[in-house]
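Here's the structure, in structure tokens; my notes come after.
The values are calculated or read from the model by the stated rules, or taken from the named source; none is laboratory data. Since we're looking at a predicted model, the values are computed, not measured. Neighbour counts run over all protein chains shown; Cβ positions are idealised from the backbone, glycine included. With ligands, DNA and RNA removed, areas are computed over all heavy atoms of the protein, side chains included. Shrake-Rupley method; radii C 1.70, N 1.55, O 1.52, S 1.80 Å.
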Amino acid sequence: MDKKNNLKVYQNEKTVITVNEDWCKSCGICIHFCPKKVLVSNEKGFPEAKNIDDCIHCMLCELRCPDFAINVEKKEKTVEHIVNQKGLED
Amino acid sequence: MNNSITQYFRKEMFPHIWCPGCGIGIILGSMLRAIQSTGWEKDEVVMVSGIGCSSRITGYVDFNTMNTTHGRALPFATGIKMANPALKVITVMGDGDCAAIGGNHFIHSARRNIDITAIIINNMIYGMTGGQYSPLTPTGKLGSTAPYGNIDQSFDIAALAASAGASYVARGNVFDVNQITHFIKKALLKKGFSVVEIIADCPISFGRINQLRTPVQMLEWIKSITVAKRVWEGLPEEEKAGKIPTGEFLDIDIPEYTEKYQETCNRIQQGRREK
Ligand SMILES: Cc1ncc(C[n+]2csc(CCOP(=O)(O)OP(=O)(O)O)c2C)c(N)n1
Ligand code: SF4
Ligand code: SF4
Ligand code: SF4
């Protein structure tokens, strides 16, 4: 997890989830209604993308956030990723 | 932030003033996504509001905006649209703003079928002033002025708009967020008076007194009382009580007011020239 001001960035090879902790008001909507339980509340009530590997990019957390504080981005596949997937490397 | 709707923000105004979990922010997001999908330039769009928590929306967006007096968004919007019919005019009103003090303006805007999109943020209460009941507070719910339960019947604002003469009428709720974006887009593109009523949560002024204290409880409740129109139509009468149908109620093409006005002007001028 990288920290950049109060913008928290969570990522794996498929997904980037950012939480703007300056704007988040800890309402809990994104956490409660995520269909895959990707998000958990930290001690301040801010969402943390603990289970980011389960994210299906449904975007509901971002669309329902009343404070424009959470963002989900699907990473475009890299050439290496596609090549590896197809087993064309050898 | 790489979210492209932020291009419409007055960024220096954020974070916004609304309480944690307030549905107004969810609706603001939907409105901006809908506007973005039309491809309209910011300078073509005019957003007009009245007074209330909902009406503070106009302070956060980088369109031509006007925050007017309580209940009077539609008269101001009508003036703007009549002066320059090419503008895309949108009003944002709370349920009190639209249906109580502004109720008369609302039905007459629909009757004229003027090309304005009216977004009604129905949180079922006067949010800003501390939870007085509104004409859209459900019967039996509590308000600071109805501590023993509201005995009034509430308006069906969608049916009211449709019977008063509007062109497009839909109702959604903040939980089904993609659906409201879709309805708002259709309303924006409709020529004529278009209405989208959105059931929204106000965890503070409505939720606290009605034992729905958290935004999550409020959204779960909204989810439980809203039913898709086609399902609602099939329910037995006793099960309809306390439930609110959502969906599209009207989508028709009828003559629009500014066009009729222009035609009248053209006809009179033509007559004068021929004399
Ligand atoms: C002429 C006038 N009467 C009363 C008020 C006080 N007042 C301010 S906001 C409001 C009601 C707000 O409720 P609503 O329109 O439902 O919007 P919300 O705050 O719930 O979004 C009232 C009565 C006022 N500002 N002006
Ligand atoms: S995009 Fe969907 S699955 Fe991913 S974190 Fe958000 S709500 Fe959960
Ligand atoms: S929905 Fe938005 S404001 Fe609410 S907890 Fe999640 S990120 Fe924070
Ligand atoms: S009082 Fe209600 S409507 Fe107003 S900002 Fe707070 S939650 Fe939203």
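B:ILE101 satisfies every condition listed in (1) of a type in the set (Val, Ile, Thr); (2) within 25 Å of B:GLN153 (Cα to Cα); (3) within 14 Å of chain A (Cβ to nearest Cβ) except (3). Only residues that are facing chain A (nearest Cβ under 9 Å), free of Cβ contacts under 8 Å to residues at least 40 places away in the same chain and basic (Lys, Arg) were counted in segment B:1-35, giving 0.
Filtering segment A:29-51 to residues that are within 11 Å of another protein chain (Cβ to nearest Cβ) and more than 15 Å from the chain's Cα centre (by Cα) leaves only A:GLY45.
With respect to the conditions (1) more than 10 Å from every other protein chain (Cβ to nearest Cβ); (2) at pLDDT 95 or above, A:GLU76 falls short on a single one, namely (2).
I'd like the residue in segment A:52-72 that is among the charged types (D, E, K, R) and within 10 Å of another protein chain (Cβ to nearest Cβ) and, out of all such residues, is farthest from the chain's Cα centre (by Cα).
To start, the set of residues in segment A:52-72 that are among the charged types (D, E, K, R) comprises A:53-54, A:62, A:64, A:67.
Now narrow it down to the ones that are within 10 Å of another protein chain (Cβ to nearest Cβ): A:62, A:64, A:67.
Values: A:GLU62: 9, A:ARG64: 14, A:ASP67: 16 Å.
Ranking the candidates gives A:ASP67 first.
Being closer than 15 Å to B:ALA187 by Cβ, open to solvent by less than 10 Å² (accessible area, probe 1.4 Å) and either within 13 Å of ligand 4 (Cβ to nearest atom) or outside any strand (DSSP E or B) (or both) is a property that B:ALA118 lacks. Of the residues making up segment B:12-32, none is more than 14 Å from ligand 1 (Cβ to nearest atom) and β-branched (Val, Ile, Thr).
Summed over segment B:36-54, residues that are within 14 Å of another protein chain (Cβ to nearest Cβ) and open to solvent by less than 10 Å² (accessible area, probe 1.4 Å) total 1.
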